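Right, one structure below, let's go through it.
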Amino acid sequence: MNSAMYSDTAAQVNTETSSYPIWVGWEIYEEIGERINNLIRPEVAYLITDQNSQKHARSIQVSLEKNEIKTHIFIMESGEIYKTLDTVGHAYEWLAKLKAERNHLVLAVGGGVVGDLAGFVAATFLRGMPFGQVPTSLLAVMDASVGGKVAVDLPYGKNMVGAFYQPKFVMSDVSFLKTLDQRQLNSGWSEAIKHSLIVDRNLFDEFQTYVDDITSFDPDVTTNIIRRSVAIKADVVSKDEKETLGIRILLNYGHTIGHAIEAITGYSKYLHGEAVSIGMMGAAHISHSLGILSGDEVDLQRAVLDSYKLPTCAFGLNKKQIIESIKSDKKTVSGDVTWVLLEKIGKSLTRRGVSRNTVMDALDMIIESKAS
């Protein structure tokens, strides 16, 4: 069987530099060893995971060993605060001591933090090693595992040191997600809703219609929704791998303000999807202020985010600090931020030259002095 043509293949990413499958299914992890051997046949795999996902990593290890792939496991501390060059250095030392070779496999088993860091390690150790993703959080399934953005954080901002480095495959076993707490799941739905907001009104309508099935994690409904959302990102990445054509940048809807909120709160107060949810409301208010998006659609976006118990405002944050952090955004050119905005639900665009006053007015709408 062609390695990409499993029945659970949600999408095939095709870029100038690579082509790889994204598998999304229920309880498919036991097949990973066989599938990897069909793709690249590595003699050794180096699993990078964290404390929260090491149980899943052990399950993956069993499948790899059954298929004669020798494995080693590196367990990092959990949390965004450990997505640093210091942790990368420890991983380099671990690989060096194990005499890792360029044809061996680095396999990320974890959430977005693990995937970003493991991908960065794979991209840079020995000038590049094959890399695979097994995301274990809904947020990572929806966003971080697809597209080849790998990076670590600096004190100055999120993902400031990184590369575009595509994996050889992504395997998303939806059954892994059923043990996540509700807040983690909600954070992941934020990115999926974002996909629908920027390109797919029909998918947005399904998020509105099937909120009970989705939030209760019905296996069939959630697997289908995840496949559709992941396919959106895969299509965008295939068209614009390195954000040079103005297409992939649309995936950053809500991220400009969201990343700033994460940075000024030390990546500890809000989960990524929560910060993005607040950021999407900020971007919607900017869209409305510029006469692009109707007030009714701003309200509809807020209502759907509310229905997934996602925050649409933040409390007690310094707006001037948010503005200063936005200036460090990777989409800033000569001090001018490229904003991703909505023309309508299901259709997005970019706009530069948005005034500081307009941004500050939007922040006034989403930043409260204290909780009521």
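The values are calculated or read from the model by the stated rules, or taken from the named source; none is laboratory data. Just so you know, these numbers come straight off a predicted model, no measurement behind them. Cβ atoms come from the backbone with ideal geometry, glycine included; neighbour counts cover every protein chain shown. Just so you know, the surface numbers come from the protein's heavy atoms only, side chains and all, with ligands and any DNA or RNA stripped out. Shrake-Rupley method; radii C 1.70, N 1.55, O 1.52, S 1.80 Å.
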For region 1-98 the translational diffusion coefficient, Stokes-Einstein from a Kirkwood Rh over Cα pairs at 10 °C and viscosity 1.306 mPa s, in µm²/s, is roughly 104
If you roll a 1.4 Å probe over the heavy atoms of the protein chains, what accessible area per residue do you get for region 1-133, in Å²? 46
Once the whole set of protein chains is in place, how much accessible area is left on Glu65, using a 1.4 Å probe, in Å² to the nearest 10? 90
Consider a paramagnetic label point 7 Å from the Cα of Ser268 along Cα→Cβ; state which residues of region 79-122 have an amide N under 12 Å from it. 80-82
Using DSSP, restrict attention to beta bridges with both residues in the chain and report what percent are antiparallel, rounded to the nearest 5. 40
Take every Cα pair under 8 Å in the chain that's 6+ residues apart, average their separations, divide by the length, and report that relative contact order as a whole percent. 15
Explain nothing, just the number: relative contact order of region 37-175, from Cα pairs under 8 Å at least 6 residues apart, as a whole percent. 23
How big is the accessible area of Arg352 in square angstrom, nearest 10, if you roll a 1.4 angstrom probe over the protein chains? 120
Using a Förster distance of 45 angstrom, determine the FRET efficiency expected from the C-beta separation of Leu126 and Cys313, and round it to 0.05. 0.45
In nm², what is the average projected area of the convex hull enclosing the Cα atoms of region 225-372? 9.0
Counting only protein chains, not ligands or nucleic acids, how are His272, His195 ordered by accessible area (probe 1.4 Å), most first? His272, His195
Using C-alpha positions alone, give me the convex hull volume of region 61-166 per residue in cubic angstrom. 100
So, with +1 on the Cβ of K and R and -1 on the Cβ of D and E, and no other charges, what is the size of the charge dipole of the chain about its Cα centre, to the nearest 20 debye? 960
If you roll a 1.4 Å probe over the chain with all protein chains in place, what percent of the accessible area is carbon or sulfur? 47
As a test of the definition: which semi-axes, in Å, follow for the chain when you take the square root of five times each eigenvalue of its alpha carbon gyration tensor? Largest first, please. 34, 22, 18
In nanometres, what is the gap between the two model label sites at His72 and Ser328, each 7 Å from Cα along Cα-to-Cβ? 3.3
Could you tell me the calculated FRET efficiency between Arg58 and Asn14, based on Cβ-Cβ distance and R0 = 35 angstrom, to the nearest 0.05? 0.60
Return the single residue from Thr179, Thr312, Thr15 with maximal mean-square fluctuation; model: Gaussian network over the chain, springs between Cα atoms under 10 Å. Thr179
Could you give P(r) for region 186-287, binned at 10 Å from zero, as whole percent values over all Cα-Cα pairs? 15, 42, 35, 8
The simple spin-label model distance between Ser216 and Ser355, using points 7 Å out along Cα→Cβ, in nm, is 5.0
